Structure formats: structure tokens, C-alpha cells
Amino acid sequence: MLTKTTIIGICIGAVILGIGIASMILNSPFLHTESRDATIGVEKMATYEFTAPKSSHQRFTVTGDDFHIKLTTPGDGIQKDEDFKKEITFDWYVLQEGVNKIVITNTGQSELKFNYEFNRYGDYLILTHNIILITTAVIIIGFSAAFSVRKPKGF
């Protein structure tokens, strides 16, 4: 027969397990697409660095008065270090797996709009966190179920 504390423990473990599984699905360490809109303030600099697999598609657009972009891709890929005005779009496929680095410096008098879509690898540290979270949930459920079967001495 399940006691009140056992049911509470199993419910808490199930909630933690659900959070861990949902986080693992949403934050996969494998290839995923990250897209976002950002703004870069006047006289500010933004750096984006990510590891991308070979043949993955990358794209970003910068819109503003005046700005400087330094783009480096691994191997014989795109290497840019230039000033631009109004709007520029970079669209490329990665030729060799490695780190892509984008440094955008706002040299104009207004904010920059930065829109990007990167296909990249996720963070393996998040995977480790999710595995620990799921393991903790299973342990909580196991202890809660074990207490309903036979109460240990002293409880």
C-alpha cells in the first residue's frame, strides 16, 4: 500500500524526470538550428562563435548605418574583414568542420539589427546536466517506492 509520503515522492520524481526528458529533447547536443534576432548598441561589439559540422548551412544578416564585420570560417572557407553600410547578408556552407567566428562592431550612430540562423552542434555540458537530472529523478522514485514496500528501522 502506498503512503502519502511515497505518493508525494513518486510525483516529485516524475516531475523531475519529465523536466529532464523535455530538456534533453529541446537542447539536443547533436546538430540543431539556432535562429535569433539581436540588436547591437551604438559603439558596441558582438562576438558569435560556434562549432559547425561540414556541409552545414549558415546565414546571417546585419542591418544598420555603418558597421565592421570580421568573419572567419575553418579551412579554406570565407575570411572577411571589411566595413559595410546599410545591410549585408552572408549565406554559406561550411567546407570543413570547425569553429566559425563572427565579430560585429557597430561604428554607426544607430543600433544594428542582427538576424541569424546557424546550424551547429549543441552543448555537451547540457547533455551531462540532463543525464544527472534524469538519474536523480529515477533515484527519488526508487527510494519513494522502496519506502512503501518496507519501512526501514528508525523511520
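Throughout, read-outs are computed from the coordinates displayed, never taken from laboratory work. Bear in mind that the values here come from a model prediction, so they are computed numbers and not experimental data. Reconstructed Cβ throughout: ideal geometry from the backbone, glycine too, with neighbour counts over all protein chains shown.
Sort 96-106, 16-26 for me by packing, meaning the mean count of neighbouring Cβ atoms within 10 Å per residue, highest on top.
96-106, 16-26
Using the Karplus equation 6.51 cos²θ - 1.76 cosθ + 1.60 (θ = phi - 60°), what ³J(HN,Hα) coupling, rounded to whole Hz, does each residue of segment 72-79 give in order, writing x for Gly and Pro?
Computed from phi, the couplings for segment 72-79 are 10, 10, x, x, 8, x, 5, 9 Hz.
Search the structure for amide H atoms under 5 Å from the amide H of SER56, placed 1.01 Å from N in the peptide plane, and list their residues when 5 or more places away or on another chain.
The list, which skips near neighbours in sequence, is VAL94.
Go through 61-72, 84-95 and give me the packing order, highest mean Cβ count within 10 Å leading.
In descending order of packing, they fall as 61-72, 84-95.
Give, as a single signed number, the net charge of other residues whose beta carbon lies under 10 Å from the beta carbon of PHE90, with Lys and Arg counted +1 and Asp and Glu -1.
Net local charge, PHE90 excluded: +1.
Tell me, what ³J(HN,Hα) does each residue in segment 135-145 have, in order and in whole Hz, if you take phi through Karplus 6.51 cos²θ - 1.76 cosθ + 1.60 with θ = phi - 60° and put x for Gly and Pro?
Result, rounded to whole Hz: 4, 4, 4, 5, 5, 4, 5, x, 5, 5, 5.
Looking at the chain, how many pairs of lysines come closer than 19 Å at the Cα, when each pair is eight or more places apart or spans two chains?
For the chain, the number of qualifying lysine pairs is 17.
Given (1) 2, 7, 8, 8, 7, 6, 6, 5, 6, 5, 5, 4, 4, 4, 3, 3, 3, 2, 2, 2, 1, 1, 1, 1, 1, 1, 1, 0, 0, 0; (2) 2, 10, 14, 15, 15, 12, 9, 7, 5, 4, 3, 2, 1, 1, 1, 0, 0, 0, 0; (3) 2, 9, 14, 13, 11, 10, 8, 7, 6, 5, 5, 5, 3, 2, 1, 0, which label gives P(r) over Cα pairs in 5 Å bins from 0, in percent as computed from the coordinates?
So the calculated entry is the one marked (3).
Relative to the first principal axis of the alpha-carbon coordinates of the chain, what is the inclination of helix 4-26, with its axis defined by its Cα atoms, in degrees from 0 to 90 and to the nearest 10?
For helix 4-26, the angle is close to 20 degrees.
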